[in-house]
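To start, the structure under review is shown below, and the notes come after it.
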Amino acid sequence: MQRKSEGIKVPQSVAPATRTKAVTNNAAGGKGPCGDLAGDAGKREGMVGKSGPNDPGGLVPRDKVQQLQRTLWVAAKRAPGRRFHALYYHICRSDVLQEAWKRVRRNRGAAGADDQSIGDVEQYGVERFLEELRTQLQAGEYRAQVVRRQYIPKADGRKRPLGIPTVRDRVVQMAAKLVLEPIFEADFLPCSYGFRPKRSAKMALLELRLLAKKYHFVLDADIRDYFGSIEHEKLLLLVARRISDRRVLKLLRQWLEAGVMEDGSVLRTVAGTPQGGVISPLLSNIYLHVLDKLWMRHASLGQLVRYCDDFVVMCRTAKACELAETRIKAILKRLGLELHPQKTRRVNIFDGKEGFDFLGCHLHKRMSGQYWEKSRTRAYYLHCWPSQRSMRRVRARVRELTPRRRCHADIREVIADISPVLRGWGNYFRTTNAAAEFISLDGFVCRRLRRLRVRRKGRHIRPGELRGWTREYFERLGLYRLRGTISYPGKPPGRRPA
């Protein structure tokens, strides 16, 4: 006869002493009921401290940082109005800082204003560096350093200001992002695709191709100087709707008001977020979540597809497209933003009348030749291929890697520098109708490599040797081939003639 444990009652006179002994035996560093050390007790891991199986023969527990993120996301999803107050401790956790360092090191990046690079940190000692950083955070002695400003050229000839925080600040920003991102991800809407986990620009382009079956007018919009126009107070108020931990809000304010160093002088910033910081994409999505949320009230005008500050509104009629622009301007005015007059326009894509550029691609409706041959019906689908700006950019990069002075270098070294560029560029556009552009770029690369071979040979080139330097010859030496790598995400919507 088996005895049920639930039926056994502890006398009241014995219960308090038993509880006290149990607490003492299970303290940090003490012994458990079976004589083993209770090494995992007293770690104060919060909501995720008891996650995972206790059976040694059971499933292997997941990573603790992933458990933390999952728990925060579930808590935020179940309670949309909840404000989280105990988050600063999680940012200071050693495992969170360790994961933040791994991601910062994976992203690489240049040194900040203190001239300390990732290699310098590794030489100094990663564990020592993280432990000192954790001690500063726990003691409240951490202070954000100024951001080094660097300018990168844009496609239109102007320069884009880029802020490069120090490695120390990047690690803390990444730790804060690991903790804060799941909370706000529970609120973000499906129309946002930029800088979000498990979302990409390819998904945004695919959504546009599906919406183009019913919507024939497009508002192609862009925000003027978005990263430099974000108002700090409004942004912190939006963050405070979900975060009530004052120490976390203080961290965010430090990063926003840290200032920038340019030509040796420090300039204090009163608006904007440093474009290039680890936490900036999350803050920008929080700021523009107001646009996504308010647009849901006017969803009858069209469908919004947004990638950070670049967004598109797909409308059914020209009047709806005009009204959508008016409503968008009103919403952005409340945020202290405005549309770029030169980069914002209304486009009629019905039956391929006009096209527009979005996320490096040109989108244009084309008639399906297969439907016309089979049933003599005109069916138009939104095709997508690399824009002229993207083609000029990749060609310019190939020219930089194949200057005339590299004619005496080993051709295999030149090919080893070009192939990663072609592979990365091709992986982005391989799900589009880019067959003609891939063939054109393959030919351009081969001509550049052939010129290097001809210049090296000079007058000593043998008859017929030029005909042997074909595309197959360079591919045997390791050149990446773009032709034949097109892979549609679904059934291809017709073909575009090369």
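General observations
- Taking region 402-424 and a reference point 7 angstrom along Cα→Cβ of Arg451, the backbone N atoms nearer than 13 Å belong to 402-407.
- Net charge contributed by nearby residues that have their C-beta within less than 15 Å of Leu236 (K/R +1, D/E -1): +4
- Rounded to the nearest 20 debye, dipole of region 444-487 from Cβ charges on Lys, Arg, Asp, Glu: 300 debye
- Exposure rank, largest accessible area first [Lys365, Lys234; 1.4 Å]: Lys234, Lys365
- Taking region 202-231 and a reference point 7 angstrom along Cα→Cβ of Leu249, the backbone N atoms nearer than 20 Å belong to 230-231.
- FRET efficiency for the pair Arg476 and Val126, taken as 1/(1 + (r/R0)^6) with r the Cβ-Cβ distance and R0 = 56 Å, rounds to 0.85.
- Maximal additional length on extending the Arg83-Ser300 stretch stands at 75.0 nm, based on 0.36 nm per residue less the C-alpha distance.
- Peptide ranges 402-415, 384-397 listed from the most packed, as the mean C-beta count within 10 angstrom indicates: 384-397, 402-415
- Sorting the segments 237-250, 279-292 by their mean number of nearby beta carbons within 10 angstrom, highest to lowest, gives 279-292, 237-250.
- Taking a ≥ b ≥ c as the square roots of the eigenvalues of the Cα gyration tensor, an a/c ratio of 1.5 or more together with a/b larger than b/c marks region 110-240 as prolate.
- With an a/c value of 1.5 or above and a/b not larger than b/c for the gyration tensor axes a ≥ b ≥ c computed over the alpha-carbon atoms, region 305-464 is described as oblate.
- Summed residue charge, Cβ within 13 Å of Phe184's Cβ, Lys/Arg positive, Asp/Glu negative: +4
- Our note on the geometry: Cα centres of region 303-335 and region 76-114, 33 Å apart.
- When you count the other C-beta atoms within 10 angstrom of each residue and take the mean per peptide, 107-116, 306-315 line up highest first as 306-315, 107-116.
- Each of Ala86, Gly112, Pro153 was scored by the projection of its Cα onto the charge dipole of region 68-174, and the greatest displacement toward the positive side belongs to Pro153; charges sit on the C-beta of Lys, Arg, Asp and Glu.
- A dipole drawn for region 356-498 from +1 and -1 charges on Cβ atoms has a positive end, and of Val421, Thr377, Leu452 the residue lying farthest that way is Leu452.
The values are calculated or read from the model by the stated rules, or taken from the named source; none is laboratory data. In this text, all values refer to a predicted model and were calculated from it rather than measured experimentally. With ideal geometry, Cβ positions are generated from the backbone for all residues, glycine too; neighbour counts draw on all protein chains shown. When the accessible area is computed, the model is the full protein with side chains, heavy atoms only, and any ligands, DNA or RNA have been set aside. Shrake-Rupley method; radii C 1.70, N 1.55, O 1.52, S 1.80 Å.
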